[in-house]
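The values are calculated or read from the model by the stated rules, or taken from the named source; none is laboratory data. Since we're looking at a predicted model, the values are computed, not measured. Don't worry about glycine lacking a Cβ; one is built from the backbone with ideal geometry, like all the others, and counts go over all protein chains shown. What goes into the accessible areas is simple: the full protein's heavy atoms, side chains included, and nothing from ligands, DNA or RNA. Shrake-Rupley method; radii C 1.70, N 1.55, O 1.52, S 1.80 Å.
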Amino acid sequence: MGRRQRLLTAYKHSAVKTVVLTAMLLALTQWLLHSQPKKAAPPTPPTPPEHNSHFIVVTTQRSGSRWMVDELRRARCIDCGGEYFNAKDFWTRPKMRTAVDGFLTLAPGKNVTVVGKAFEDMRDVWARKEKGTSPKRRQGFKWMLNQPFDIGAEEAFDLWLLPVLKQRRAKLIFLVRRHLLRLLVSKVTNADSKGTKKHVPHAHTTEEASSVAKKVELPRRRGLLRALDRENRTMTTLKALFETCQKAGIPSKFLVYEDLDRDNAQFNDIRSWLVDGDSCAQDFDKPSKDVKIHSHPDLREYVANWERVKNTLRGTAYQHLLCDDLRDAPESDVGRGRACD
C-alpha cells in the first residue's frame, strides 16, 4: 500500500471517529437538556382592578351625616353624594342591586350599567373622565336605613348586598347619633319647617342656625318613650349590620356623631383609611362649611315642654338622656345613666 493510500485510509478513519463523537455529544446534550427539571415560568402579576374601592355611608336622617360627609369631602380625592335611594316608588330589589354594583365599579372612562337618576348622573361624571386618571379617587353615597322603604337597607344586607360589597372591595361607614333626645329635637325641628320657605335642613351660617333653632315640643309620655324606643332599635340595627360586615371581612367603621364632634382629628384617620393610606387624604381643597343648628350645651334651650319630658324620662331606661354630656353613658349603658336636672 502506497503512502498516499495509507493517508487516505487514516483520514477516513479519523472522519468516521469525528462523526461518531459528534453524534455522541449531540445525543448527550439532548439527554442533559431533557433530563433537567424545567424552570417554572415566572408568575404573571395580577391585573389590578380597573375600579377604585368606593364606599357607602349607612345611617339615618338627622344623624349628622351631612356634616360628616362634608368633612370627608374636604380631601381632594374623596367625594360623596347624597341619599341615592330616596325615591320610594321607583326602586325594586333588582334595580337596587344593579345600581349598587354599577356604582362600586365606577372608573374613569368606563360606562357602567346603573339605574336611578342619581346613580346615572354619577356614572356620567366618571365616564367623562379620561381613562387612567383619578386612580386614587374614592366615591361614596349615603344610604339611609329606611330607604327606599322601611326595611330596604336591612333586607339588602340579608339577601344580596354582602357578596357585592366583597367582590367590589367596597368600604362601609356606619354612623349613629348616641344622644337620642337631641336626635328627636333635630327631627321635630326639621319636620316642623318642612315644606315651608323657612325650611333649612342644614345651616351654613350662624344666622341661619339661629333662625332655625327654635324651641319645639316633643311627644308626651308614652309617645316620647315609643319614639325613643324606635330610635334605639335603629341604632341597635346599625350596630348589628356593622358586626355582620366585620364577620364577612368587609372593611367597615362604626362611628358615633358625638365622638366625631368632640374630636375632629378622627377625620384624618377616616380619610386615610378610605384611600388606603395615600397622602392625597391630606390634600384639602374645600373648607368646612356646615354650622351646627342646636349648638347650645343645655338641651332645655330647645325643648318647650322640658319639665314634662324630664318627668317622663325619670326612672326609665332613658333618664341618662337628660344629661348633656354622655361620655359617662355610652349606648351600652342605656338604663344605667344618672338622671340630671
**OP:** Would you confirm whether any residue within the range 156-163 is free of Cβ contacts under 8 Å to residues at least 12 places away in the same chain and in a loop (DSSP other than H, G, I, E, B)?
**Re:** no
**OP:** Select from the range 165-181 the residues that are within 13 Å of the chain's Cα centre (by Cα) and under 19 Å from Ala240 (Cα atoms) and write down the one among them that is most open to solvent (accessible area, probe 1.4 Å).
**Re:** Lys166
Subject >> Matching residues, the range 283-293, being surrounded by fewer than 16 Cβ atoms within 10 Å (Cβ to Cβ) and over 10 Å from Cys77 (Cβ atoms) >> reply: Phe284, Lys286, Pro287, Ser288, Lys289, Lys292
Original post:
Looking at (1) open to solvent by less than 40 Å² (accessible area, probe 1.4 Å); (2) within 21 Å of Tyr318 (Cβ to Cβ); (3) hydroxyl-bearing (Ser, Thr, Tyr), which is the one condition that is false for Ser252?
Top reply: (2)
**OP:** Look at the range 79-138 and say how many of its residues are in a loop (DSSP other than H, G, I, E, B) and not aliphatic (A, V, I, L, M).
**Re:** 25
